[in-house]
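Reading through the structure tokens given below for one structure.
The values are calculated or read from the model by the stated rules, or taken from the named source; none is laboratory data. Treat the numbers as computed from the prediction; the structure is a model and nothing was measured. Here the Cβ positions follow ideal geometry from the backbone for every residue, glycine too, while neighbour counts run over all protein chains shown. Areas reflect the complete protein model, heavy atoms only, side chains present, ligands, DNA and RNA absent. Shrake-Rupley method; radii C 1.70, N 1.55, O 1.52, S 1.80 Å.
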Amino acid sequence: MTLKLNRRQFIATGTAFAALGARSAAAASPELNARVADIQLLPKDYGSTRIWGFEGMAPGPEIRVMQGARVQRRLVNGLPDATSTHWHGIRIDNAMDGVAGLTQEAIAPEASFDYDFIVPDAGTYWYHAHNRSFEQVARGLHGALIVEEPDPLDIDHEEVLILDDWLIDPDTAQIAETFGAMHDLSHAGRLGNYITTNGTYNLSKPVIRHERLRLRLINAANARIFRLALDGLEGWIVALDGMPLVQPREVEGTFILAPAQRIDLIVDVIAETGSAGHIVQLDRNESFSQVAFEVTGDGAKSRRAAPGPLPPNNHAMPQLAGARDLSLLMEGGAMGGMRGAMMGRRMSSMRDMMQSGNFWAFNGSVGGMNGAPLASLSHGETVRLKITNDTVFPHAMHLHGMHFHEVEPDGSLGPLRDTTLLERGEVRDIAFVADNPGKWLLHCHMLSHAAAGMMTWIEVA
Ligand code: C2O
Ligand code: CU
């Protein structure tokens, strides 16, 4: 499976590929149909690929609303498997969080479920399947959920860019049906061999020199950590995981987009007319064009001043003095040296764990939704959670229902996030005010890891 290695050849041959068709415009209908479809995911000289997609597309239709609006969608399950839909990053009513097995029953094939919720925060979010996610998201069940600020920004246009990687058998053009493979569960997760943006491997957009763009990057991959850079574009990170930074951060060198994370960039096109700017993806010692911005004409003579911050969303600031201290020790995986862990009430050896497809433990127990919560919090309580990654793999930890601050090494509050990446051996504190009642998952968004024990939940009264 060397498809990804062919990307450079594809670029070199200069073959032009059309986009996969219109994928903007949220359907006027309140139905969201999850169904099987055959799409031209690979370049045209390959056959079509069978996916599972919202409205038969991957990514699914963009849902775009104003801040404070109500989103209503009837999820109609046309898949051969039960499913549910999670609205990642939304401070949502718990009953609408879409976690099969915790906040709702999985929606059986041919059944439907009415999602109905308010979006309190502006920003870049996404939605994805949340039953057997390690399979269903990999088959294509994800899309963008964009919540607009009340006042438009001073930009020329914006692009929503959903990065994904697919594990494809190049001989058949089909998604490799190796979901839950032991190696993926126990190592870095399911990594693909075919990398796309908005379902296209070499996405290209026309721009004008000196235009200012807002780019909304979403990582929908199961496990791939994208290391990115800008070329011919000068940019600022203005929001992480939907939440505005207090001050825009100028992009210098590379930046990381871990699974489930989002980055909002404001970029100015500085490449010359006739050339192209790029979002560059760095993989080992190679770099690829993830997205090309072809400069088709000259615009304004001069550049604009650096952008100011986006308007903040309204969040309670945690006061660390007096916070409740919690800790989460992440262990296990290949080469992790873990001997065993509790599975339910029983101490199990690593070998017994492996037999049931479990490789990881949180605080000494194989995680899931059925055990006791990591913590039961009272409403409005402030929590400081120390997360220790005692494994040899990176993990992207996601909390449902509430954003948290990363706590900086000097003890100050860092950016608000809903997914934080912990490199091997890394320790990070996060802090938040538990102000959204319900049962909220806390899990690794390397989806094979979540399926193999890296999952717990908290309860807020
Ligand atoms: Cu984006 Cu529990 O998920
Ligand atoms: Cu993980």
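Of the heavy-atom accessible surface of region 16-148 (probe 1.4 angstrom), what whole percent is carbon and sulfur?
50
Excluding ligands, DNA and RNA, the accessible surface per residue across the chain is 40 Å² with a 1.4 Å probe. Of the accessible area of region 157-298, computed with a 1.4 Å probe over protein heavy atoms only, carbon and sulfur atoms account for 47 percent. On the beta carbon distance between Asp38 and Leu320, with R0 = 45 Å, the FRET formula returns roughly 0.30.
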